[in-house]
Each structure stands twice: as C-alpha cells, then as structure tokens.
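First up is the structure itself, then whatever we jot down about it.
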Amino acid sequence: MKKVLLSIVAAVFAVSSFAQDGGSGPKTPEQIATQKADKLKTELGLSDDQRSKIYAILLENTAKIQAIKAKYPNDKKAAKAEIRPLRQAADQSIKSILTPEQITKWEALKKAQKEKHKAEKESD
C-alpha cells in the first residue's frame, strides 16, 4: 500500500515538474510550490490555512529535491533513492493537514495523474 501511494505521489510530482509554462526556463522552488498548492486548493477545496501549510511543505520539499537533482545530474537512480524518503515525508505531512474527504480526493487525483503519466510514457 505504501509503495503504491509513494509511486502515485512521485508520479504527481514528476508530471507537474515537467509541466512548464512557456518554456521560460527552470522554475524556482517558490514557483513550483505556489503552482502545486494552488492546484490542490482548487482540486481539494482547501481552506486558506490548509493551503499555506501545504505550500510551506511543498516549498521545503521542492528545494531539497532540486538540490538532490543538482547533486546527481547524471545518476537518476541515486537521485531517486534520496528523493523517495523526502516525498514520503511530505506526503505524510500533507495528509495530516487534510480532512478524510480531501485525502480521498487527493489519492484519486494522484492515481489519475499516475495513469496519465504511464500512458504518456507508453506512447513515447
């Protein structure tokens, strides 16, 4: 169950990190966290308080992930191994902020994102 959930979270973060607007170059952790927090606010009906807490989690997590990716520019396996626990911790922190109904919606959103990512990968 945890592996499935982790995979879904990883897919959501991976897909959203590739979605860049206008090709303006790499986004800052602040831009990424804002985009993800705003999307979750819309999709899950987050309160302003929930959104700000989730933004803080996403900002910290995104900065750490970008640092790890910079540390391993040519070794995706090593980067993934370091990123995985960060994503798990962020997932647990976000879950602690959400209501049970929001968690259900969030898991459905992650599942749909994972399926979309898988379909895109297969079409390549």
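The values are calculated or read from the model by the stated rules, or taken from the named source; none is laboratory data. Model, not experiment: these values are computed from the prediction. Cβ sites come from the backbone with ideal geometry, for glycine too, and all protein chains shown count toward neighbours.
So here's what we get for this one:
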quantity: Residue list for region 71-97, restricted to those being farther than 14 Å from residue 58 by Cα and among the hydrophobic types (A, V, I, L, M, F, W, C); calculated: 78, 79, 81
quantity: Subset of region 67-121 [among the aromatic types (Phe, Trp, Tyr) and over 24 Å from residue 51 (Cβ atoms)]; calculated: 72
quantity: Number of positions in region 67-98 that are of a type in the set (Ser, Thr, Tyr) and in a loop (DSSP other than H, G, I, E, B); calculated: 1
quantity: Region 69-88, residues that are under 19 Å from residue 33 (Cα atoms) and surrounded by 11 or more Cβ atoms within 10 Å (Cβ to Cβ); calculated: 69, 83, 84, 86, 87, 88
quantity: Where a residue in region 105-116 is in contact (Cβ under 8 Å) with a residue 40 or more places away in the chain and its partner, wherever it lies, is assigned to a helix (DSSP H, G or I) and of a type in the set (S, T, N, Q), with Cβ under 8 Å and at least six apart; calculated: 113/16; 114/7
quantity: Region 99-121, subset of a type outside the set (Lys, Arg) and in contact with a Leu (Cβ under 7 Å, 6 or more places away or on another chain), residue surrounded by the fewest Cβ atoms within 10 Å (Cβ to Cβ); calculated: 102
quantity: Per-region count, region 49-68, residues of a type in the set (Asp, Glu) and surrounded by fewer than 15 Cβ atoms within 10 Å (Cβ to Cβ); calculated: 1
quantity: The one condition in (1) assigned to a helix (DSSP H, G or I); (2) touching a residue at least 24 places away in the same chain (Cβ under 8 Å) that residue 46 fails to fulfil; calculated: (1)
quantity: Residue within region 10-17 that is modelled with pLDDT of 95 or more, more than 18 Å from residue 104 (Cα to Cα) and not acidic (Asp, Glu) present; calculated: no
